[in-house]
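Peer 1: Take a look at this one; I'll ask things after.
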Amino acid sequence: MSNKLEGRSLGKTFTRRDSSLTVLEDVSITIRPGEFVSIIGASGCGKTTLLRMLHGLVAPTTGEVLIDGERIDGPTRKRGFVLQQASLLPWRTVLDNVTFGMELDRIPGAQAKARALDLIKLVGLTGFESHYPSEISGGMQQRVNIARALAIEPDILFMDEPFAAVDAQTREVMQAELLRIWDIDRKTVVFVTHQLDEAVYLSDRVIVLGARPGRVREIVRIDLPRPRTLAVKRSHEFADYVDRVWKLIENEVVSGDESPSGASA
Ligand SMILES: Nc1ncnc2c1ncn2[C@@H]1O[C@H](COP(=O)(O)OP(=O)(O)O)[C@@H](O)[C@H]1O
Ligand SMILES: [Mg+2]
């Protein structure tokens, strides 16, 4: 089967006047159509940089990115990006935030609205269409963010710690919701997190990055059956996967500047 997304020998060095920092070195990954892949690693190991390179937002210093077998040289509107902080426009309602990307794509108003209403329903926010971002919770804002990313019908969805800012309970609900939505048409998803249990729960494969410079340490296939309910998290198989991934990044954590969470007993 052909690859949806491929990173070949990706490297990134940030240079400033007096110094340079090599964040990633020789990272090669392939992602198949419809796969849900997570990238994990300690804070500062280059996850966001890698995701941005795969998306086309950041140019690699070495190597190349291919989407559907073609080399990319910048972002396109067909790649959805969901950030850690819900980045909604505060002066627009929920509905108007979701239609925003479609307006840029010049989709006729009535069509955009109908699609937005469907997506708002999909993320469980029917009834909040005319609310402003400041009037809804962080978890709800992040749902709007997901609806907005899906509205442009992305080929690949790139998500950078999208649930980092919501409380633990909401996070669990959002994870299950994301899987439910993903299951409908199984888009290709590249998901960055530093929460090990989140990565295991969501993914077909987990790419574990080592730090300084970031390289692919190991790729762990998660053979838990789908659809996965939250109850999966209480199984022994699940705990074994989390434990295995934890051991892979344990050494990095000691030298890293922040501990990953999610592996505590
Ligand atoms: N635009 C940039 N210029 C200079 N350094 C950067 C830039 N972006 C990221 N970095 C550095 O690259 C390293 C990895 O950052 P990042 O990719 O955000 O890691 P992560 O997402 O895993 O926490 C950090 O040391 C960060 O300070
Ligand atoms: Mg990051």
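Peer 1: Anything over 23 Å Cα to Cα? Flag those among 47/187; 12/247; 12/47; 47/78, in the order listed.
Peer 2: 12/247
Peer 1: Using only the Cα atoms of the stretch 87-154, what semi-axes does the equivalent ellipsoid have when each is the square root of 5 times a gyration tensor eigenvalue? Give whole Å, largest first.
Peer 2: 17, 12, 11
Peer 1: Quote the FRET efficiency, to the nearest 0.05, computed for residue 224 versus residue 135 with a Förster distance R0 of 41 Å and r equal to the Cβ-Cβ distance.
Peer 2: The value I calculate is 0.65.
Peer 1: Hey, what's the chain come to in accessible area per residue, 1.4 Å probe, Å²?
Peer 2: 48 Å²
Peer 1: Hey, can you grab everything whose amide H is under 5 Å from the amide H of residue 159? Only 5+ residues off in sequence or another chain; H modelled, so Pro and N-termini drop out.
Peer 2: 82, 190, 191, 192
Peer 1: Once you wrap a convex hull around the alpha carbon atoms of the stretch 57-177, what is its projected area averaged over all directions, in nm²?
Peer 2: Mean projected area of the Cα convex hull: 8.6 nm².
Peer 1: If you take the Cα Rg of the stretch 113-192 and divide it by 2.2 N^0.38 Å, with N the number of residues, what do you get?
Peer 2: Normalised Rg, Cα atoms only: 1.05.
Peer 1: Using the charge dipole of the chain (Lys, Arg: +1 at Cβ; Asp, Glu: -1 at Cβ; taken about the Cα centre), state which of 102, 120, 10 has its Cα farthest towards the positive end.
Peer 2: 102
Peer 1: Moving to a separate point now. If DNA, RNA and ligands are ignored and the probe is 1.4 Å, what is the ranking of 39, 184 by accessible area, most exposed first?
Peer 2: Per-residue accessible area, sorted high to low, gives 184, 39.
Peer 1: So how strong a dipole does the chain carry about its Cα centre when Lys and Arg Cβ are +1 and Asp and Glu Cβ are -1, to the nearest 20 debye?
Peer 2: It comes to approximately 360 debye.
Peer 1: List residues of the stretch 69-83, by number, whose backbone nitrogen lies under 16 Å from a label position 7 Å along Cα→C-beta of residue 59.
Peer 2: 71-76
Peer 1: Project the alpha carbons of the chain onto their principal axes and report the range along each, largest first, in whole Å.
Peer 2: 51, 45, 41
The values are calculated or read from the model by the stated rules, or taken from the named source; none is laboratory data. Note that this is a predicted model, so its numbers are computed, not measured. Here Cβ is always computed from backbone atoms with ideal geometry, including for glycine, and neighbour counts include all displayed protein chains. The accessibility values were calculated without ligands, DNA or RNA, using every heavy atom of the protein model including side chains. Shrake-Rupley method; radii C 1.70, N 1.55, O 1.52, S 1.80 Å.
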